[in-house]
Every structure is written in C-alpha cells, then in structure tokens.
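Novice: Take a look at this one; I'll ask things after.
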Amino acid sequence: MDLKHSASGAAENADSYIASSKSTDMITPKEKESKANNKAPAAPAEGYKVYARRWAVLILFVFYSASNAMQWVQYTIINNIITRYYGISDKWVDWTSMIYMILYIPLIFPGSWFLDKAGLRITALVGIVGTCIGAWIKVFSVDPSLFYVSFIGQAIVALAQVCILSLPARLAAVWFGPDQVSSATSVGVFGNQLGVAIGFVLPPMLVPNSEDINQVGSDLQLMFYLVAGLTSVLLILMAIFFQDKPPTPPSAAQEAANRLEGMAEQQTSFGQSLKNLLTNRNFIFLLLSYGINVGVFYAISTLLNPVVLKYYPGHEVDTGRIGLSIVLAGMLGSVVSGIVLDKTHKFKETTLAVYALSMVGMWIFTFTLDTGHIAVVYLTASLLGFFMTGYLPVGFEFGAELTFPEPEGTSSGLLNASAQTFGIFFTLFYSELFYSYGDVPANVAMAVMLIVGTVITAATKSDLRRQNAQVVLPTGGAAATNP
C-alpha cells in the first residue's frame with residue numbers, strides 16, 4: 001500500500017473547477033472555456049470515485065480518537081479512590097479532566113494551521129505519538145507520592161487531542177462523497193464518544209474500591225499498562241495504514257481543493273479565514289450555543305462520580321456504567337443525527353430540535369436522581385446522552401454550512417475551543433455549587449444554561465452556504481466505488 005499515495009493509474013477528470021475553499025461538498029464547476037459553445041457545465045463522464053479503503057481509514061481514526069478520549073475521565077470516574085491513594089483533594093482530580101480543556105484552547109489556532117499545512121496523516125501521527133508517550137509516563141506514576149508524574153502524563157495526552165478533535169470533518173471531506181459526508185463526520189465523532197464510554201466503564205472495573213492501598217496501586221498499574229499497550233499497537237497501525245488522501249478526489253469541491261494546493265496566490269490565508277469566521281454573525285451564535293451544550297456535558301461527566309455516589313453510596317461500578325450509558329446513547333444519537341442530515345439537509349431544524357431535547361433531558365435528569373432506584377438514573381442519563389452528545393456532529397456540520405467556503409478544520413477547531421472554554425467555566429461553577437449547595441442547584445444551573453443555548457440556536461439563521469453552492473450531478477455523474 002502506497003502510504004504517500006500517488007495518483008498514478010487514476011483516471012483524470014476532464015473538467016476543471018473553481019475552488020474557493022476546502023469544503024466538504026460540491027461547488028459550481030467551471031464552464032468550459034469555449035467561444036464557440038456556451039453550454040452549461042457538466043460532471044465528469046465517469047463521475048467522482050470513492051474508495052472502499054475510506055472505511056478502513058475512518059475506522060482506524062475512530063480507535064485512535066478513542067484511545068485519547070478514554071483517558072479524559074480515567075481519574076475522575078474513580079475520584080474517591082484516586083484521592084485516597086494519592087492523598088490529594090477532589091479539586092486535583094477534577095483538574096485531570098479540565099487539563100484537557102485548558103491546554104486545547106491556546107493550541108487550537110496553531111493546531112488548525114498545522115492540520116491545514118501538514119495534512120491528515122502527519123497530524124494524526126503526531127497525535128497518536130503524544131497519546132502513547134503520555135500513557136507510558138502514567139505507568140511510572142504508581143506510588144502515593146507520584147501524582148505529579150501521573151498529571152504530567154495526563155497533560156501530554158491532553159496536548160495530543162489538538163491533533164484529533166478537528167479531524168473528523170476534514171477526514172470526511174477528503175475521503176467521502178457529498179452524500180456521505182455528514183454520516184462520516186458522525187462516525188468520526190463517534191470515536192471520541194467511544195473513548196469516553198470506555199473511560200467511564202473500564203477504571204471502576206479495573207480499580208475497585210479496596211481498603212488495601214497496595215492492591216489499589218497494583219490495580220492502577222494494570223490499568224495504565226493496558227492503556228499504554230493499546231496506544232502502542234494503534235501507533236504501529238496508524239504508521240502503516242493511515243493514509244493522507246485517496247488517489248482521486250471524491251467530489252468536485254475536494255478536486256478543487258487539491259488543484260489549489262501549491263497555488264498560494266489563490267489560497268485564503270489562515271488569518272483571513274479566521275477573520276471571516278469571527279465576523280460571521282450566525283457562526284458566532286453557533287459558537288456560543290455549541291460551547292454551552294458541550295460545556296454542560298463536560299461538567300456533568302467530570303462530577304458524575306460524586307453526584308451519583310451522593311444518592312447511591314458504594315455504587316462506583318454503577319457510576320461508570322451510567323457514564324457508559326450516557327455515551328452509548330450519544331453514539332446512537334450521533335449516527336441518527338448524521339443520517340437525518342444526509343437525507344434531509346435540514347440543518348437548522350435538526351440542530352434546534354436536538355438542542356431543545358437536550359435541555360428537556362437535563363431537567364428530567366435533575367429531578368430523578370433521588371428516586372432511590374438507580375435504574376431510573378440509567379434511563380434518564382441515557383435520554384440526556386442521546387441528545388446532548390448526539391448534538392456534537394450536528395454542530396460540526398451546521399458550522400460547515402454556515403462558514404462555507406472556509407476550511408472545515410478551522411471552523412470545527414473553533415467550535416471545540418468554545419466547548420473547552422465553557423467546559424472549564426461550567427466544571428468549576430458546577431463543582432462549587434455541588435459541594436456548597438448540593439446537586440439540585442448545580443443541575444438546575446446547567447439546565448438554565450441549556451435554555452439560553454436553545455434560545456441562541458433559535459436566533460441563528462439557516463444560512464446554508466454549502467448547500468446553496470451544490471450542483472446536482474446528472475445520472476452519468478454518479479460516484480463510482482474503487483477498492
């Protein structure tokens with residue numbers, strides 16, 4: 001397999017295209033320069049080709065993303081065990097989660113620039129190397145006096161996520177045709193959710209709440225070795241199989257983007273793209289609403305252990321499984337949302353509906369924690385997760401629509417930065433309210449924030465620039481599939 005991928009042997013498309021950006025979908029073909037004939041533009045006779053290997057690349061990315069995300073809540077989901085083993089406060093355990101958010105914010109702009117310049121393969125390899133190094137550092141932190149070593153490892157893993165979170169939209173654009181791009185983005189986001197799900201369920205199973213501090217240390221050692229081993233295997237697989245792009249583009253837009261590579265005078269600079277995004281009123285609204293929704297999810301995930309244990313003492317394993325339920329339901333929600341977007345292209349309507357239902361789910365979750373039946377918590381948490389984490393790919397795709405023709409990596413990076421910023425603030429705010437006043441005021445505050453986000457989403461105009469720029473190909477232009 002040629003990892004640098006040459007286009008040799010691939011059929012060349014006869015028509016050229018105007019490329020104003022690196023977007024995910026098709027844009028208007030350039031008319032043939034013929035003085036004698038002024039016909040409307042036509043699609044290539046053989047159509048745009050999509051390659052079966054795109055699914056292998058996407059699945060490999062899913063596991064790569066999961067290997068990083070699983071370490072996000074690795075400590076907070078067993079908060080009470082970590083505090084006792086290392087002799088630290090709850091706040092320090094919370095910081096193992098918030099470090100992910102804090103480090104992402106200042107690095108989002110250089111990270112987006114790096115993705116734009118280096119491409120998918122190099123960016124992904126940098127990310128998996130960082131994830132692997134951080135995981136191995138944690139292996140050497142198993143001693144009650146070495147929490148700082150564990151925190152350093154966690155910080156390195158957190159740094160590596162800069163090379164992950166902005167990739168789903170770009171990977172989908174580069175490898176998938178316009179009728180699959182939303183679904184592919186959803187599957188890419190699915191990887192992050194899969195990792196969080198594993199992070200919720202695995203630590204409570206591997207590190208039970210033992211009174212023997214030495215046993216806790218042995219269990220932590222096993223957990224760290226398993227994660228480090230997994231990331232090492234993924235590093236090898238990524239180096240061998242993860243490709244930068246297919247031999248031929250899957251859509252008119254991607255062909256145009258490829259043609260512009262190396263033509264610096266026709267490319268929009270990263271700074272100009274950033275300016276265009278930050279002066280786009282509808283995108284600013286989306287930045288706020290997206291940040292609020294995901295920030296609430298981050299806060300709930302970080303504090304899930306003490307919130308559940310308040311009503312159900314000794315149920316550490318159930319706490320992890322409730323977190324798993326939230327994320328698994330969210331995975332289903334992500335896939336359903338992606339399919340709905342691909343079939344209907346109702347971006348504004350879908351975004352608003354999912355957001356409003358997230359808000360409703362938060363109110364239900366708030367007032368069902370104290371029923372005395374933990375099965376009810378499983379149910380309400382799953383309902384919350386289906387819509388709240390199912391919103392993630394919807395936000396990405398709506399952002400791509402609102403910001404066309406700017407690069408998807410930059411818009412998704414800004415959305416992630418907004419989420420991390422709100423996540424830090426909401427986690428600190430939620431923690432303070434919970435430990436000072438209890439879970440009900442803390443959860444009500446988050447529910448109110450979701451009401452604000454719903455209003456902002458309703459005020460966002462449905463300016464579907466990417467959809468407006470699409471061209472419906474004739475029958476002869478249907479995409480072909482190659483291995």
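Residue by residue, here is whether (1) in a helix (DSSP H, G or I); (2) within 22 Å of Leu287 (Cβ to Cβ) holds:
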| site | (1), (2) |
| --- | --- |
| Phe297 | yes, yes |
| Ile300 | yes, yes |
| Val307 | yes, no |
| Lys348 | yes, yes |
| Tyr355 | yes, yes |
| Thr368 | no, no |
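Yes/no per residue for (1) assigned to a helix (DSSP H, G or I); (2) assigned by the TED database to the domain that holds Ser232; (3) touching an Asp or Glu at 6+ places or on another chain (Cβ under 6 Å):
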{"site": "Ile88", "(1), (2), (3)": "no, yes, no"}
{"site": "Ala118", "(1), (2), (3)": "yes, yes, no"}
{"site": "Gly127", "(1), (2), (3)": "yes, yes, no"}
{"site": "Gln154", "(1), (2), (3)": "yes, yes, no"}
{"site": "Ala158", "(1), (2), (3)": "yes, yes, no"}
{"site": "Ala169", "(1), (2), (3)": "yes, yes, yes"}
{"site": "Pro178", "(1), (2), (3)": "no, yes, yes"}
{"site": "Ser183", "(1), (2), (3)": "yes, yes, yes"}
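Novice: Restricting segment 343-362 to residues that are open to solvent by less than 10 Å² (accessible area, probe 1.4 Å) and among the hydrophobic types (A, V, I, L, M, F, W, C), which is modelled with the lowest pLDDT?
Specialist: Checking each candidate, the answer is Phe347.
Novice: Further question: Counting only residues that are at pLDDT below 85 and not small (Gly, Ala, Ser), which one in segment 306-323 is surrounded by the most Cβ atoms within 10 Å (Cβ to Cβ)?
Specialist: Glu316
Novice: A follow-up question, please. Going by the conditions given, is Gly111 free of Cβ contacts under 8 Å to residues at least 40 places away in the same chain and part of a helix (DSSP H, G or I)?
Specialist: In short, no.
Novice: Condition check: at pLDDT 85 or above and under 18 Å from Leu115 (Cα atoms). Does Phe283 satisfy that?
Specialist: No; evaluated as a whole, the condition is false for this residue.
Novice: Now for a different question. So Val162 ticks every box in (1) outside any loop (DSSP other than H, G, I, E, B); (2) within 30 Å of Thr344 (Cα to Cα) but one. Which box is left unticked?
Specialist: Only one criterion is unmet by Val162, namely (2).
Novice: Could you list, in sequence order, all residues of segment 309-346 that are closer than 26 Å to Leu202 by Cα and not in a helix (DSSP H, G or I)?
Specialist: Those that are closer than 26 Å to Leu202 by Cα and not in a helix (DSSP H, G or I): Tyr312, Pro313, Gly314, His315.
A quick yes/no check of all residues on (1) assigned by the TED database to the domain that holds Leu304; (2) surrounded by fewer than 17 Cβ atoms within 10 Å (Cβ to Cβ); (3) at pLDDT 50 or above:
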{"position": "His5", "(1), (2), (3)": "no, yes, no"}
{"position": "Ala14", "(1), (2), (3)": "no, yes, no"}
{"position": "Asp25", "(1), (2), (3)": "no, no, no"}
{"position": "Lys91", "(1), (2), (3)": "no, yes, yes"}
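Novice: Count, please, the residues in segment 98-111 that happen to be within 14 Å of the chain's Cα centre (by Cα) and farther than 23 Å from Tyr430 by Cα.
Specialist: Total satisfying the criteria: 1.
Novice: Continuing with this model, one more query. Restricting the first residue to segment 63-89 and requiring it to be closer than 17 Å to Lys138 by Cβ and free of Cβ contacts under 8 Å to residues at least 40 places away in the same chain, which pairs with a second residue that is open to solvent by less than 10 Å² (accessible area, probe 1.4 Å) and not in a helix (DSSP H, G or I) meet a Cβ separation below 8 Å and a spacing of at least six or different chains?
Specialist: Note: pairs meeting the criteria are Ile82/Tyr75.
The values are calculated or read from the model by the stated rules, or taken from the named source; none is laboratory data. Since the model is a prediction, treat every value here as computed from it, not as a measurement. Ideal geometry is used to build each Cβ from the backbone, glycine not excepted, and the neighbour counts take in all protein chains shown. The area values use the complete protein model at the heavy-atom level, side chains included, leaving out ligands, DNA and RNA. Shrake-Rupley method; radii C 1.70, N 1.55, O 1.52, S 1.80 Å.
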